[in-house]
Each structure stands twice: as structure tokens, then as C-alpha cells.
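Structure, as C-alpha cells:
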Amino acid sequence: QVQVVESGGGLAQAGGSLRLSCAASGRTGSSYAVGWFRTAPGKEREFVAAINRSGANIYYRDSVKGRFTISRDNTRNTVILQMNSLKPEDAAVYYCAAGSYLSSVSIHYNYWGQGTRVTVSS
């Protein structure tokens, strides 16, 4: 079993930055691929970014490319989502998820955190 906990959400102004962290504990959190997803009010959950176990392969959704950066520190079982140049449309509850392989599809992830809210003021 893997426990996943997100932190770092909050309020930012448009154009500002926030840093989300995902900590995985339990069975060797570093042996899992990690994805970030988000759910905005009235919208379906959507993929944001994902990183494989080694950190060598990364996926981003097109709308965050060049603004968001995903990285991981396997010595600390932590994955970071650095979000820069935030836009109002980035506001959502962000979820971290761990899975066996790199994917942009939510059903491929087995372990999910409770989510952290990101609010962006215009």
C-alpha cells in the first residue's frame, strides 16, 4: 500500500507561482510513476503532468507546457509540481497519484491523495 499526500496549494495572483509537493510513503514510493491531475468546478478531472520512476520521462498537458515543471527526488519519495505564470483557468483541486507506469490516463493510477486546492485571482 502507498499513501499519497499533497501539499502546497493556496492562493496566487495571475502570473504568480505555486509549488505543489507530493509525498509518497509506504511501499517504496520511489518505485512508482506519479501523475498530477486537477478538477475544476463543473469540469471533469484532467491530466496535468506525470513523471516516471527514474524521472527521465515526463508528460505535460499542452496548456501547461512551458509554465509547469514536474520533478522528483527519490531520496525523499517526493514529487514537485512547480507552477509558474499561473492563469485563472489553472484554478482547481490538484491531485497527486501513484501508479505502476507513466500515463496521462487517471485510471492507470492506483493510489490517490486527497487533493490540494489552487486558487488563482485575476
Checklist entry - Within the range 48-59, how many residues turn out to be more than 21 Å from Ala12 (Cα to Cα) and not in a loop (DSSP other than H, G, I, E, B)? => result 4
Checklist entry - Somewhere in the range 42-65, is a residue of a type in the set (A, V, I, L, M) and free of Cβ contacts under 8 Å to residues at least 12 places away in the same chain? => result yes
Checklist entry - So, of the residues in the range 7-29 that are over 18 Å from Asn84 (Cβ atoms) and surrounded by 18 or more Cβ atoms within 10 Å (Cβ to Cβ), which turns out to be modelled with the highest pLDDT? => result Ala24
Checklist entry - Does the range 53-69 hold any residues that are among the β-branched types (Val, Ile, Thr) and open to solvent by 30 Å² or more (accessible area, probe 1.4 Å), and which are they? => result Ile58, Thr69
Next on the checklist: Exactly one condition in (1) more than 15 Å from Val118 (Cα to Cα); (2) within 14 Å of the chain's Cα centre (by Cα) is false for Arg38; which is it?
Outcome noted: (1)
Checklist outcome for this item: If we take the range 70-122, then strands (runs of 3 or more DSSP E) inside it with 1 or more residues that are at pLDDT 95 or above, crowded, with 17+ Cβ neighbours inside 10 Å and of a type in the set (Asp, Glu) are none
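The values are calculated or read from the model by the stated rules, or taken from the named source; none is laboratory data. Note that the structure is predicted; figures quoted are calculated from it, not measured. Positions of Cβ are generated from backbone atoms using ideal geometry, with glycine treated the same way; all protein chains shown enter the neighbour counts. Just the protein is used for accessible areas: all its heavy atoms, side chains included, with ligands, DNA and RNA removed. Shrake-Rupley method; radii C 1.70, N 1.55, O 1.52, S 1.80 Å.
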